Amino acid sequence: MKFEVTILGSSSATPVYNRNPTAQLLNCNEKFYLIDCGEGTQQQLIRFGFKANKIDFVFISHLHGDHYFGLIGLLSSLHLNGRIKPIKIFAPAALAEILELQFKHSETVIRYPVEFVATQTDAPAEIFENADLKVETIILNHRIPCTGFKFVQKKRLRKLIVEKLEAEEIPVDCYPLLKRGADLDLPDGRVLLNADYTTDSDRPKQYCYCSDTLFDETYFESIQGCDTLYHEATFLHEMVDRANQTHHTTALQAAEIAKMTGAAKLLIGHFSSRYKTLQPLLEEARSVFENTELAIEGNTYTI
Ligand SMILES: [Zn+2]
Ligand SMILES: [Zn+2]
């Protein structure tokens, strides 16, 4: 089952050096989840060959512009392109008010349902669940209310050993029960032990998305042991005072967090406009946590 994330924007604050403000597209089993929607997100979707209309769920971490200024444009384009299916947006409550005002003054009546779910920052909460995954908030420490998101794959059904089933002419109507782990008694007297005809499904994976935040141990429990941790790394550690003032993290701190929480892989992003080249940020993070990669726009990372 596909579980991967494509980086659409990796810049903090402003677009610079061909880097765009934050946005990511998560693909779980060919369902698309947009995570943050900085200015330029539509162009990035087009550039990297994604259809915006495939997005049914949007997760906005907080209301600094570099994380949502692209949303009104995206919603408007979907409307103009004739979308009729609903879209669901998880975001701080005030975003609904902001969008309503924009639609009101442009006299736009969106022709598809836009459903809002307000995120809260008092405690982590499960905010979404479908057949493929569930999503929990991560309470981050930023200048304004901010949540990250933890995407947890659901455990899949057992995998059939089809060659063996076919070779022994087991009726296909037994397959669904075998996938669910049942042993079966066939009408012809044969007994099928599940373990002989199926294998366990892949281990469910977790993707944690930590956008803007200060280094703060209070959210570490939420991100414990994830397969891929995306963590902001706005500055090099020589700028740690600036990071503290602006409630951001350094590359070194992001790596320490990955190490402390037992992440398998770290992706760093939300790079400050002061860095034209990103190699020093990568090297700093790798000095603490070897399995680190830069969040490069257009790259897709398997979780
Ligand atoms: Zn930001
Ligand atoms: Zn911010």
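Brief remarks on what is shown
- Against the numbered list (1) farther than 27 Å from Cys226 by Cβ; (2) more than 16 Å from ligand 2 (Cβ to nearest atom), Phe90 comes up short only at (1).
- In segment 133-169, the qualifying residues are those that are assigned to a loop (DSSP other than H, G, I, E, B) and away from ligand 2 (no atom under 16 Å from the Cβ), and the one that is surrounded by the fewest Cβ atoms within 10 Å (Cβ to Cβ) is Glu169.
To keep it simple, each residue is scored yes or no on (1) of a type outside the set (A, V, I, L, M, F, W, C); (2) under 17 Å from the mean Cα position of the chain (by Cα); (3) within 14 Å of ligand 2 (Cβ to nearest atom).
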| site | (1), (2), (3) |
| --- | --- |
| Glu4 | yes, yes, no |
| Ile7 | no, yes, no |
| Asn18 | yes, no, no |
| Asn29 | yes, yes, no |
| Asp56 | yes, yes, no |
| His62 | yes, yes, yes |
| Leu74 | no, no, no |
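- With respect to (1) assigned to a loop (DSSP other than H, G, I, E, B); (2) in contact (Cβ under 8 Å) with a residue 12 or more places away in the chain, the lone exception for Glu107 is condition (2).
- For the condition in the same structural domain as His248 (by TED's automatic domain parsing), buried (at least 16 other Cβ atoms within 10 Å of the Cβ), in contact (Cβ under 8 Å) with a residue 24 or more places away in the chain and out of contact with any helix residue (DSSP H, G or I) (no Cβ under 7 Å at 6 or more places or on another chain), Leu63 does not qualify.
- Checked against (1) within 16 Å of ligand 1 (Cβ to nearest atom); (2) closer than 20 Å to Thr213 by Cβ; (3) in a loop (DSSP other than H, G, I, E, B), Asp122 passes all but a single condition, namely (1).
- Leading residue by the ranking (farthest from ligand 2 (Cβ to nearest atom)) among those in segment 177-222 that are within 20 Å of the chain's Cα centre (by Cα) and without any contact (Cβ under 8 Å) to a residue 24 or more places away in the chain: Arg203
- Whichever residue in segment 201-222 is among the hydrophobic types (A, V, I, L, M, F, W, C) and crowded, with 24+ Cβ neighbours inside 10 Å and, among such residues, is nearest to ligand 1 (Cβ to nearest atom): Cys210
- Restricting attention to segment 19-70 and to residues that are of a type in the set (Asp, Glu) and not in a loop (DSSP other than H, G, I, E, B), the residue that is farthest from ligand 1 (Cβ to nearest atom) turns out to be Asp56.
- Any hit, segment 44-53, residues being closer than 16 Å to Gly269 by Cβ, more than 16 Å from ligand 2 (Cβ to nearest atom), in the same structural domain as Thr213 (by TED's automatic domain parsing) and under 13 Å from the mean Cα position of the chain (by Cα): no
- Scanning segment 231-252 for residues that are within 15 Å of ligand 2 (Cβ to nearest atom) and either surrounded by fewer than 20 Cβ atoms within 10 Å (Cβ to Cβ) or not in a helix (DSSP H, G or I) (or both) returns His231, Glu232, Ala233, Thr234, Phe235, Arg242, Asn244, Gln245, Thr246, His247, His248, Thr249.
The values are calculated or read from the model by the stated rules, or taken from the named source; none is laboratory data. All values derive from a computational prediction rather than experimental measurement. Backbone-built Cβ (ideal geometry, glycine too); neighbour counts: all protein chains shown.
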